[in-house]
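Have a look at the structure below before the remarks.
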Amino acid sequence: MDDYLKLPETFEEFSEARKNGFIRVKKIKEEGGLIAGVFCTYTPLEILDAAGLTAVGLCGMSNETIPAAESELPKNLCPLIKSSYGFALSDKCPYTYFSDIIIGETTCDGKKKMYELLGEIKDTYIIQLPQGQDRAYSAELWTKELRRLIRTLEEKFGVEITDEKLRSAVCLRNDERKAKTELMELSRLQPPPLRGLDLYKVLEGSGFVFDIAASAEAMQSTKRKALEKYEAGDRPVSKNAKRILVTGCPIGGVLEKTVGTIESSGGVVVCFENCGGVKATRELADAEADDIVQEISRRYLNIGCAIMTPNQNRVNLIRSLVDEYHIDGVVEILLQACHPYTVEAHTIRRLSSEIGMPYLGIETDYSNTDTGQLSTRIEAFMEML
Ligand code: BJ8
């Protein structure tokens, strides 16, 4: 088997998956496959799977393309949006380049307006996501939106998305989510057998393996190996390390200066609540449900992102995770100009104080200009714990 097609087996190999994924995507295209670029945890992946599309995450995580984006977008906009758009505009992202369709959702205002512009560069389909999970008609509307997406994909790509295909996609995605959850739950051990940075790289890298069953298998074997080493006495994390829960915006673009600094200052991230972590994997769909589209819709609409109002699901989730993972402190990572999360930070700060958890909010962007200042604040927080 070609090297780039083999499954990742170590943390390092998972972190290479994003880079190597490009070659895999090229191969999929050469073999006549179709690619769907996606941005958000609300994207109903099972529908794309059932349509025979390979889903690939397009969220920009680099500062490099932000100047290009700022020629059209306001400077005072979340770096994730600018970076993502900059990649499309400057044609620097092979995943965007190879995408046959881009799927976006009406989440935050910045993203949804960016998608309109993105639609001028690439074929972009926007799903209308309702933002009040507590209204019965939100579930109905979201299910209708998913049915509309199904019809659109069927017409556009000449495929048939049957219930049977959807049910088997649900089973595969469930298996992958369970494998992720089991891997993350290793960090409930005290001390954890994994550093947060390594764990995050596996979670992120799994999105670029593209074969869902293979991705689940690779995560299970990574978990087995980590546990074997741990049981043999190999402890990569000190038992005195302070156990941190990370919440807030997606952190792919600020990983080193946030998680890296926490872990070089006497802490260890044992739980990622945000997208890429527990929030995206906790809930499963029932493959046997009578109406499978409605069930997929239910599963996704429950995600507790700050674009929802009210967003009680996020508060409930953080409350449980603090107990489950024996947390010593909560660090919320906020991307500059992200209104949903920077405003909701007040609620999370208040929740932390209610449950007696020290809380640190960090507002940052993709540049390196605040690295020193962040280190000082994170080190002071770690010392205080
Ligand atoms: S489910 S977190 S991936 S919307 S950070 S672009 S909210 S201004 S990324 Fe997100 Fe889906 Fe929610 Fe997850 Fe806007 Fe905020 Fe930027 Fe954000």
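The values are calculated or read from the model by the stated rules, or taken from the named source; none is laboratory data. Since this is a predicted model, take the numbers as computed values, not measurements. Counting neighbours? That spans all protein chains shown, and the Cβs are built from the backbone with ideal geometry, glycine included. The accessibility values were calculated without ligands, DNA or RNA, using every heavy atom of the protein model including side chains. Shrake-Rupley method; radii C 1.70, N 1.55, O 1.52, S 1.80 Å.
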Subset of the stretch 69-112 [under 24 Å from residue 364 (Cβ atoms) and free of Cβ contacts under 8 Å to residues at least 24 places away in the same chain]
69, 70, 71, 74, 75, 82, 112
Limited to the stretch 315-343, what total is found for residues that are within 10 Å of the ligand (Cβ to nearest atom), in a helix (DSSP H, G or I) and surrounded by 16 or more Cβ atoms within 10 Å (Cβ to Cβ)?
3
Qualifying position, being within 12 Å of the ligand (Cβ to nearest atom) and either open to solvent by less than 30 Å² (accessible area, probe 1.4 Å) or more than 18 Å from the chain's Cα centre (by Cα) (or both), among 75, 92, 82
82
Which condition does residue 367 not pass, out of (1) away from the ligand (no atom under 16 Å from the Cβ); (2) assigned to a loop (DSSP other than H, G, I, E, B), if it passes all the others?
(1)
Determine which member of the set 260, 253, 276, 267 is open to solvent by less than 10 Å² (accessible area, probe 1.4 Å) and small (Gly, Ala, Ser).
267
The stretch 14-66, subset more than 16 Å from the ligand (Cβ to nearest atom) and free of Cβ contacts under 8 Å to residues at least 40 places away in the same chain, residue nearest to residue 206 (Cα to Cα)
19
Sort out which residues of the stretch 279-303 are open to solvent by 50 Å² or more (accessible area, probe 1.4 Å) and under 13 Å from the mean Cα position of the chain (by Cα), and write them in order of number.
282
Could you check residue 174 against (1) out of contact with any helix residue (DSSP H, G or I) (no Cβ under 8 Å at 6 or more places or on another chain); (2) closer than 21 Å to residue 39 by Cα; (3) open to solvent by 20 Å² or more (accessible area, probe 1.4 Å); (4) away from the ligand (no atom under 16 Å from the Cβ) and say which number it fails?
(3)
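Yes/no per residue for (1) over 30 Å from residue 340 (Cβ atoms); (2) assigned to a helix (DSSP H, G or I); (3) in contact with a Pro (Cβ under 9 Å, 6 or more places away or on another chain):
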{"residue": "222", "(1), (2), (3)": "yes, yes, yes"}
{"residue": "229", "(1), (2), (3)": "yes, yes, yes"}
{"residue": "236", "(1), (2), (3)": "yes, no, yes"}
{"residue": "246", "(1), (2), (3)": "no, no, no"}
{"residue": "250", "(1), (2), (3)": "no, no, no"}
{"residue": "253", "(1), (2), (3)": "no, yes, yes"}
{"residue": "262", "(1), (2), (3)": "no, yes, no"}
{"residue": "270", "(1), (2), (3)": "no, no, yes"}
Where a residue in the stretch 304-317 is under 15 Å from residue 41 (Cα atoms) and in the same structural domain as residue 278 (by TED's automatic domain parsing) and its partner, wherever it lies, is in a helix (DSSP H, G or I) and not basic (Lys, Arg), with Cβ under 7 Å and at least six apart:
304/313; 304/317; 306/340; 306/341; 306/344; 307/340
Checking residue 208 against (1) outside the structural domain of residue 17 (by TED's automatic domain parsing); (2) in a helix (DSSP H, G or I), the condition it does not meet:
(2)
